[in-house]
Every structure is written in structure tokens, then in C-alpha cells.
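The values are calculated or read from the model by the stated rules, or taken from the named source; none is laboratory data. No experiment lies behind these values; they were computed from the predicted model shown. Note that each Cβ is placed from the backbone with ideal geometry, even for glycine, and that neighbours are counted across all protein chains shown. Note: areas computed on protein heavy atoms with side chains; ligands, DNA, RNA excluded. Shrake-Rupley method; radii C 1.70, N 1.55, O 1.52, S 1.80 Å.
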Amino acid sequence: MSNHSNDLRETVRERYAAAAVQVTEGGTTCCGPQAIEVDDNFGSTLYAADERDALPAEAVAASLGCGNPTAVADLHEGDRVLDLGSGGGIDVLLSARRVGPTGKAYGLDMTEEMLALALANQRKAGATNVEFLKGTIEAIPLPANTIDVVISNCVINLSTDKPAVFAEMFRVLAPGGRIGISDVVADDQLGPDQRAERGDYVGCIAGALSFAEYREGLATAGFTKIEVTPTHAVADGMHSAMVRATKPTTTTDTAAQKPVEAAGSGSCCGGGGC
């Protein structure tokens, strides 16, 4: 990894470590921990009130995502779920409730402070079908073919090696497994410099892939039935998007299928979000 990539990763780690400390030590409001300051495009307001109310307040306060991947992923009883960049654990705990006692929810994070917060939230929630792992999303510490669903909430755009992330997701998924991801995606006509003008890397903007780049990256990794669908704007030409794809059940399934275009993706704005 280059020095520049290492520097970006450390900047991301520092930002999320500080966020975890803010929730853990930054004082409380009358109703629980003070939420991390984000605008309406990010954070816990993107979850339904009944979902937030069912979780420890610290898990909700630490939410920094751009969507609700547990809704995107269509989880089922007994599923084995992996959350990439699990933070304070909000999506892991929601997943654990959906997959039930016969399922399992893993959370993967590289930040010690976030992992400590997530473990505390797991204890408060009384979740026994949950396991948090330390590691990076470019080198997932799980065996191949052991996960049914990979979820992630506004984290893949922060990786400096997205092809490695896509390859690792494909590796750990069992045949027929699927991904359900919320992420920030750029209109196709925006180049890297234009994306950087709209926000910094650690703010989930500058490192975002375009709609076409996202579909191409997943297809190169081997995924099929690829959908990248915008949900709401987070900056000019930048969107929160739902990303779905499937690992084929057999190798012959891969070559015959092409990515599914998001509705309106051929429009002037690339992602159909304008």
C-alpha cells in the first residue's frame, strides 16, 4: 500500500476513533448519549423510529451511515451476515434481531475504539448471536464461502483499494450469497477532482465510485444481478445508493449475466438521481 493510501486510512481511523470516544465520553442528553453531528443525509435518522428505539442509545448515537443496509439486504431467519465497517454496531444488532437465534451477525472494524463501543452495545442489547472482529475490509478475517449476506453502510467509499474489498466480499460469500450495501456513489460524468471538490475523503465524498465504476468493480469480482440504485442526494451529483448483487451458485452463471442498470441510469446525471 502506498504512503498516500496509508495516510488516508489513518485519517479515516482517527476520525472514527474520535467519533467513538465522543459517544462514549462526550456526555449525555436527557434521553441518552449525544449523537455525533451529521446532516440529514447521514446518521440514525435514516432508520425507522421503532428500529432506533429497540437498540442501545449508544449504538444509535454512533451511527454515521448514509442509509439502512439491513433493509436493503432483505435478511432472513438463519442467515449468516457480515457487516463491513460495523462501527458502534447498529447494523449488526439490527441484523442479529432479523436472523434470529439460528443465524449469526458478524461486525468487522479496524478501529479499537469503535470495537469497544460495539462490544458494550452488544452486552447492553443482550445479543448472543453476534461476534465483532478486528480487521480491514480489504482482508476479511473469515474463511471462504461462510457468509450468506454482506452488508455495509457508507464504508466502502472510504477504502483506498476497492477492488480488494469487492474480491474479499465475493470470497467470503457462499455460492448464492448476496450483498446489500448503502454507499455514496457519484454521477458518471464527475471525475475524481470534481468529486473531491464536493467533499473530503473522510467525509465519504471524494473517495466515492461512480455508478458505472461500482457496477464494473462488482462484475469484475464475479458478482451478477448487480443493481446500484440512488435513494437521495448527499451533495451535487453525489448520491446515497442501494447496492445489491449476488454471487453465482455455479461458475457458469457468471458469464451469461450482465449488471442490471439502475432505473434512469442512462440519464444526463449518470445515476438517474437528478
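Structural remarks
- The sole residue among 229, 224, 249 that is open to solvent by less than 10 Å² (accessible area, probe 1.4 Å) and at pLDDT 90 or above is 224.
- Residue, nearest to residue 179 (Cα to Cα), within the stretch 80-116, restricted to residues that are of a type in the set (Gly, Ala, Ser) and surrounded by fewer than 24 Cβ atoms within 10 Å (Cβ to Cβ): 103
- Checking each residue of the stretch 167-175 against the condition of being open to solvent by 20 Å² or more (accessible area, probe 1.4 Å) and closer than 14 Å to residue 80 by Cβ gives at least one match.
- Of everything in the stretch 151-166 that is among the aliphatic types (A, V, I, L, M) and open to solvent by 10 Å² or more (accessible area, probe 1.4 Å), the residue that is nearest to residue 81 (Cα to Cα) is 155.
- Across the stretch 203-245, the number of residues qualifying as outside any strand (DSSP E or B) and among the hydrophobic types (A, V, I, L, M, F, W, C) comes to 10.
- Selected residue [within 26 Å of residue 209 (Cα to Cα) and either part of a helix (DSSP H, G or I) or within 12 Å of the chain's Cα centre (by Cα) (or both)] from 119, 108, 115, 93: 108
- Number of the exception - residue 148 against (1) open to solvent by less than 20 Å² (accessible area, probe 1.4 Å); (2) part of a strand (DSSP E or B); (3) touching a helix residue (DSSP H, G or I) at 6+ places or on another chain (Cβ under 9 Å); (4) not basic (Lys, Arg): (1)
- Any hit, the stretch 181-201, residues being among the aromatic types (Phe, Trp, Tyr) and assigned to a helix (DSSP H, G or I): no
Conditions tested, residue by residue: (1) among the aliphatic types (A, V, I, L, M); (2) touching a strand residue (DSSP E or B) at 6+ places or on another chain (Cβ under 9 Å); (3) closer than 28 Å to residue 239 by Cβ; (4) in contact (Cβ under 8 Å) with a residue 60 or more places away in the chain.
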{"position": "129", "(1), (2), (3), (4)": "no, yes, no, no"}
{"position": "132", "(1), (2), (3), (4)": "no, yes, no, no"}
{"position": "140", "(1), (2), (3), (4)": "yes, yes, yes, no"}
{"position": "151", "(1), (2), (3), (4)": "yes, yes, yes, yes"}
{"position": "155", "(1), (2), (3), (4)": "yes, yes, yes, yes"}
{"position": "173", "(1), (2), (3), (4)": "yes, yes, yes, yes"}
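- Consider the stretch 122-141 and keep the residues that are of a type in the set (A, V, I, L, M, F, W, C) and either out of contact with any Lys or Arg (no Cβ under 9 Å at 6 or more places or on another chain) or in a strand (DSSP E or B) (or both). The one that is nearest to residue 242 (Cα to Cα) is 137.
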